[in-house]
Amino acid sequence: MPVTLVNPGGLPKIDAYRQVSVATGSKLVFIAGQVAWDADGATVGEGDLAAQVEQCYLNLNTALAEVGASFDDVAKLTVYVADWTPDKMPLLMEGITRAVAKLGVTPTPPATLLGVAALDVPEHLVEIEATAVID
């Protein structure tokens, strides 16, 4: 695997992700922010943050697979949540938990969570982008 995930001593250990990734592959993969669209472009889970997070992860998995990558190759995730407040964290984590169970993966690369005023359309509550490294 070209990506090694690390939790350095002296930094807090957070269950949802690792603090550092070390990439040694030769090819960078940048995946556009994925929203809760199905293959036909219909929004999945309108009004349901957990369902939308799950769909974003499924879409990321599809994009990764298309280029011969997997979540093991992801070096960084960026998560954008519309109208973020800390009380939404359990729903965010629920969506991630459901997605990783469905996919049989444990994606814990470094992640940045950003609250934003809005996304592309009002029914989208979350958008997640990924950077991966492959050989």
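The values are calculated or read from the model by the stated rules, or taken from the named source; none is laboratory data. In this text, all values refer to a predicted model and were calculated from it rather than measured experimentally. Because the Cβ atoms are built from the backbone with ideal geometry, glycine has one as well, and the counts that use them run over all protein chains shown. Ligands, DNA and RNA are excluded from the accessible area calculation, which covers all protein heavy atoms including side chains. Shrake-Rupley method; radii C 1.70, N 1.55, O 1.52, S 1.80 Å.
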> the stretch 1-104: which trypsin sites (Lys or Arg not before Pro) are DSSP loop and have at most 15 other beta-carbon atoms within 10 angstrom?
Replying inline: 13
>> Can you tell me how the stretch 16-74 classifies by the Cα gyration tensor, rounded, prolate or oblate, using a/c under 1.5 as the rounded cut?
In response: oblate
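Under 8 Å for C-alpha pairs, at least 6 residues apart: give me the relative contact order for the chain, rounded to a whole percent.
39
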> What's the center-to-center distance, using Cα atoms, between the stretch 26-52 and the stretch 109-127 in Å?
Replying inline: 11
> lysines within cross-link reach of residue 27: Cα-Cα under 25 Å, excluding same-chain residues under 8 positions apart?
Replying inline: 76
> Add -39500 (n - 2.57) for each DSSP H run of 4 or more in the chain, then divide by its residues: what number comes out at 222 nm, to the nearest 500 deg cm²/dmol?
Replying inline: -8000 deg cm²/dmol
> How much area per residue is accessible in the stretch 39-100 when the probe is 1.4 Å and only protein heavy atoms are counted (Å²)?
Replying inline: 46
>> So if I take the alpha carbon set of the chain, get Rg, then get Rh from the Kirkwood formula, what is the Rg over Rh ratio?
In response: 0.96
>> If I fit a long axis through the Cα atoms of helix 49-66 and take the longest principal axis of the Cα atoms of the chain, what angle between them do I get, 0 to 90°, rounded to 10?
In response: 50
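Net charge within 13 Å of residue 93 by Cβ-Cβ distance, Lys/Arg positive one each and Asp/Glu negative one each, not counting residue 93 itself? Don't jump to the answer; show the numbers that get you there.
On the way: positive: 88, 98; negative: 15, 54, 87, 94.
Residues near residue 93 contribute -2 overall.
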> With θ set to phi - 60° and the Karplus curve 6.51 cos²θ - 1.76 cosθ + 1.60, what are the ³J(HN,Hα) couplings of the stretch 103-117 in order, to the nearest whole Hz, using x for Gly and Pro?
Replying inline: 8, x, 10, 10, x, 10, x, x, 9, 10, 10, 10, x, 10, 5
